[in-house]
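Taking it in order: structure first as structure tokens, then the write-up.
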Amino acid sequence: MVKRGEKLVIGRRLKVLRTSLGLTQAQMAEELDVSPSYITLIESDQRPVSAKLLMRLAEVYDLNVSELAPSVDSQLASDFAAALKDPALETDGVTRSEIEAVLQSAPKVAAALVRLQEKYTEAMMGNQADENPLTDRNKVDALGQVSRPVEQVREWLYKLNNYIDRIDRAAEAAAEEMSLHRSEPHVTLSERLTSHGIRVRILPAPVMAGALRRYDPHRRELMLSELMTQSSRRFQIGVLLARLEHFDLIEEIAASAGFQDPDTLTLMRVSLANYFSAALLMPYQRFLKACETERYDVELIKHRFGTSYEQTAHRMATLQRPDARGIPFFFVRIDRAGNVSKRFSAGRFPFSRFGGTCPLWNIHAAFETPEQVTTQLIRMPEGTRYFSIARSVRRVGGSHGAPSPKIAIGLGCDVSYAPRLIYADDIDLERVQPTDIGLNCFLCERRDCSSRAQPPLNRKLALNERERSVAIYTFEGE
């Protein structure tokens with residue numbers, strides 16, 4: 001299914017629906033009170049469906065309109081395209097239109113193939129580890145065990161558009177009860193802990209022995225390192241309050257996710273407590289109002305709520321309450337080596353499960369302009385354009401001889417939302433040339449890229465002893 005301007009083309013989905021009901025085109029036309037030729041034209045994508053017919057379909061066949069006109073799951077699209085690049089599948093001849101057809105008409109089949117390819121890769125890695133005496137099988141197994149909980153929780157959050165309603169509303173109610181917007185947050189939060197019989201202590205870094213936070217339930221103490229900023233201390237108090245006051249809610253939501261792995265459940269609880277703390281410090285309605293009023297000025301809004309740049313940017317990527325939505329941002333955090341340590345998406349931006357990010361993306365250049373926001377219009381291989389902002393920040397901690405490491409925070413959205421951002425004011429979005437990027441070098445098939453670090457997975461290298469091209473790697477294929 002594709003959109004042409006404001007027109008909706010649903011040919012493949014309509015045909016799947018009709019055949020699943022066991023109807024001929026003539027029978028469906030009669031039930032919908034339209035001509036058979038109209039059904040033929042729609043199914044062949046020669047005619048878009050009208051709003052009237054769309055509502056008639058929903059009424060006659062008791063459907064949700066979104067079932068006929070859904071948007072493609074961008075993460076599934078990314079994972080499916082990546083899976084098809086596995087050389088073992090021999091899919092060199094598969095076109096982009098064919099991939100889109102499968103995603104539109106049979107997304108569950110695409111998801112099943114992705115899972116199958118992941119299991120095949122895991123099995124292949126295991127076999128190679130057994131056969132290669134230089135490979136430490138224990139490390140291979142450990143890598144899988146460590147990364148699997150992270151990916152499972154990320155996927156769970158992605159399906160919720162990075163918004164957890166019950167946790168969010170509970171935190172908002174708690175913030176209102178404590179009158180956080182009318183008092184000094186740190187004092188109020190500390191007093192809240194005191195009501196539970198817990199005191200907060202700020203201790204020297206040597207005493208904390210490398211830890212930033214430590215909770216001793218027997219001594220009823222929350223110990224925080226002097227290396228933490230005030231915003232980080234507040235956040236950690238909020239995390240403990242989540243566990244003390246909303247333990248049952250966190251347990252219920254974690255259990256409802258259906259995960260059986262103990263490590264994944266533990267990570268779920270940590271993620272839910274962190275989510276509560278962010279929502280407590282930045283209550284939904286007040287935070288959304290500030291974002292819309294100040295046009296998502298991260299620097300200004302972080303001062304207003306007493307939070308860090310990263311906390312504020314991440315919170316912006318969660319504003320997807322059904323009756324009061326903000327801009328559907330994607331959020332990513334990387335280190336100097338390009339390793340992705342955090343990524344969330346409330347929009348359609350497709351993240352790769354492996355291989356880092358494209359070096360042409362401005363999030364990497366953020367390290368060259370310390371603590372300054374940089375902007376960029378980027379375009380993905382399928383043509384979708386996004387507006388991206390990036391800024392480097394320092395992590396918590398740091399002392400003489402052991403400075404805190406720098407990380408880069410990326411925040412972005414579909415270009416159609418860019419006019420609502422203060423960062424796009426001086427940019428002619430219609431005339432500026434977007435930077436073409438890919439998911440990462442393994443999955444990108446753009447040619448003549450001087451920043452390419454790896455050849456694409458499903459392309460054979462084109463080797464020529466007499467020629468040197470701009471790109472380090474050249475490859476065969478279309």
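The values are calculated or read from the model by the stated rules, or taken from the named source; none is laboratory data. Because the structure is a prediction, the values reported are computed rather than measured. Positions of Cβ are backbone-derived with ideal geometry, glycine not excepted, and every protein chain shown enters the neighbour counts.
Scanning the stretch 303-313 for residues that are surrounded by fewer than 24 Cβ atoms within 10 Å (Cβ to Cβ) and touching a residue at least 40 places away in the same chain (Cβ under 8 Å) returns 306, 308, 309, 310, 311. Taken across the stretch 415-433, residues that are touching a residue at least 24 places away in the same chain (Cβ under 8 Å), touching a Cys at 6+ places or on another chain (Cβ under 9 Å) and of a type in the set (Gly, Ala, Ser) do not occur at all. For the condition among the aromatic types (Phe, Trp, Tyr), assigned to a loop (DSSP other than H, G, I, E, B), more than 23 Å from residue 173 (Cα to Cα) and touching a helix residue (DSSP H, G or I) at 6+ places or on another chain (Cβ under 8 Å), residue 349 qualifies.
If I filter the stretch 322-344 for residues that are among the aliphatic types (A, V, I, L, M), free of Cβ contacts under 8 Å to residues at least 24 places away in the same chain and closer than 26 Å to residue 151 by Cβ, do I get at least one hit? There is at least one residue in the stretch 322-344 that is among the aliphatic types (A, V, I, L, M), free of Cβ contacts under 8 Å to residues at least 24 places away in the same chain and closer than 26 Å to residue 151 by Cβ.
One residue alone among 334, 253 is outside the structural domain of residue 452 (by TED's automatic domain parsing) and over 18 Å from residue 170 (Cβ atoms), and that residue is 334.
Checked against (1) over 23 Å from residue 238 (Cβ atoms); (2) assigned to a helix (DSSP H, G or I), residue 295 meets all criteria but (2).
Of all residues assigned to the stretch 305-316, at least one qualifies as being among the β-branched types (Val, Ile, Thr), in a loop (DSSP other than H, G, I, E, B), under 25 Å from residue 174 (Cα atoms) and not assigned by TED's automatic domain parsing to the domain that holds residue 230. Taken over the stretch 315-332, residues that are under 16 Å from residue 158 (Cβ atoms) and in contact with a helix residue (DSSP H, G or I) (Cβ under 7 Å, 6 or more places away or on another chain) amount to 4. Identify the single condition in (1) part of a helix (DSSP H, G or I); (2) modelled with pLDDT under 95; (3) not aromatic (Phe, Trp, Tyr) that residue 338 does not satisfy, given that it satisfies every other one. The failed condition is (1).
Residue count for the stretch 191-225 under the criterion of being more than 16 Å from residue 239 (Cβ to Cβ), part of a loop (DSSP other than H, G, I, E, B) and aliphatic (A, V, I, L, M): the result is 1.
Condition check for residue 232 on (1) touching a helix residue (DSSP H, G or I) at 6+ places or on another chain (Cβ under 8 Å); (2) not basic (Lys, Arg); (3) not in a loop (DSSP other than H, G, I, E, B): one failure, at (1). Only a single item in (1) without any contact (Cβ under 8 Å) to a residue 24 or more places away in the chain; (2) assigned to a helix (DSSP H, G or I) is not met by residue 363, and it is number (1). Based on what the data block shows, is residue 239 surrounded by 18 or more Cβ atoms within 10 Å (Cβ to Cβ) and outside any helix (DSSP H, G or I)? The answer is no for residue 239. Against the list (1) farther than 25 Å from residue 424 by Cβ; (2) assigned to a loop (DSSP other than H, G, I, E, B); (3) touching a helix residue (DSSP H, G or I) at 6+ places or on another chain (Cβ under 8 Å), the condition residue 258 fails is (3). Summed over the stretch 16-43, the residues that are part of a helix (DSSP H, G or I) and more than 36 Å from the chain's Cα centre (by Cα) give a count of 14.
Just give me the residues in the stretch 169-190 being small (Gly, Ala, Ser), part of a helix (DSSP H, G or I) and touching a helix residue (DSSP H, G or I) at 6+ places or on another chain (Cβ under 9 Å), in sequence order.
Correct list: 170, 171, 174, 175, 190.
Scan the stretch 206-229 for residues that are touching a helix residue (DSSP H, G or I) at 6+ places or on another chain (Cβ under 6 Å) and among the small types (Gly, Ala, Ser) and the total you get is 1.
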